[in-house]
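Take a look at the structure set out below.
The values are calculated or read from the model by the stated rules, or taken from the named source; none is laboratory data. Computed from a prediction, not measured in an experiment: that's the story for all the values here. Every residue, glycine as well, gets a Cβ built from its backbone with ideal geometry; the counts of neighbours run over all protein chains shown.
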Amino acid sequence: MLRVSKHTDYGIVLLAAIAENSDGVPCSARELAEMTHLPLPMVSKILKVLCREGILTSQRGIQGGYSLAKPADEVTLVGIVQALEGGPIALTECISEPGGCRHEESCPVQVNWLNINTLIHNALKEISLLDMIRPMPGLVELGGCSEEQSPLSR
């Protein structure tokens, strides 16, 4: 099954919460944990990674907290996923580590995996954090997380 980790999923939820706080006032880790109903230790860990990767900035002090390092329409899903997953998007071993598969030279599907990986990378590059906080036209709601169940709508 192909899916992003819970860590990355929660990171996107946290970034969406920060982006929705359009008044520009930094959000503390505790406030974000309360808004999203996520455990504070996990929230703190994710926020530190996002700061280290340059997606967030942090301010210390009584009015401190976390803010986006750039506008939400300039933060892409590909950047978020790569920051939280720890490297470039790679669906198969031969993409993540060229030469890492002993069948690579004679593999009849490697080129197709490379093409699929490129399509996914480009699709994620086209979706911004701003897109994630508002309904995207043309997408069908799947049986997963409805609006009432979303951590941000609680």
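Some points to look at:
- Per the listing Thr76, Thr118, the residue uniquely under 21 Å from Tyr10 (Cβ atoms) and under 22 Å from the mean Cα position of the chain (by Cα) is Thr76.
- Taken over segment 107-123, the residue count meeting the criterion of being of a type in the set (A, V, I, L, M) and at pLDDT 90 or above is 4.
- Screening Cys94 on (1) surrounded by 15 or more Cβ atoms within 10 Å (Cβ to Cβ); (2) at pLDDT 85 or above shows it passes everything except condition (2).
- Complete set of residues in segment 107-139 that are more than 23 Å from Leu68 (Cβ to Cβ), of a type outside the set (A, V, I, L, M, F, W, C) and surrounded by 14 or more Cβ atoms within 10 Å (Cβ to Cβ): Gln110, Asn117
- Considering the conditions (1) without any contact (Cβ under 8 Å) to a residue 24 or more places away in the chain; (2) out of contact with any helix residue (DSSP H, G or I) (no Cβ under 9 Å at 6 or more places or on another chain); (3) within 19 Å of Arg134 (Cβ to Cβ), Gly24 is excluded by exactly one of them, (1).
- Taken across segment 15-24, residues that are assigned to a helix (DSSP H, G or I) and of a type in the set (S, T, N, Q) do not occur at all.
- Some residue of segment 72-90 being under 24 Å from Ser28 (Cα atoms), modelled with pLDDT of 90 or more and exposed (fewer than 14 other Cβ atoms within 10 Å of the Cβ): yes
- Qualifying position, being farther than 30 Å from Cys107 by Cβ, in contact with a Phe, Trp or Tyr (Cβ under 9 Å, 6 or more places away or on another chain) and surrounded by fewer than 18 Cβ atoms within 10 Å (Cβ to Cβ), among Ser44, Ser58: Ser58
- Conditions (1) without any contact (Cβ under 8 Å) to a residue 40 or more places away in the chain; (2) over 19 Å from the mean Cα position of the chain (by Cα): number failed by Ala123: (2)
- Whenever a residue of segment 28-40 is in contact (Cβ under 8 Å) with a residue 40 or more places away in the chain, its partners that are β-branched (Val, Ile, Thr), lying with C-beta atoms within less than 9 angstrom and at least six residues away or across chains, give the pairs Thr36/Val13; Thr36/Val43; Leu38/Val13; Leu38/Ile46.
- Selection count, segment 27-63, where residues are closer than 17 Å to Thr76 by Cα and not in a helix (DSSP H, G or I): 5
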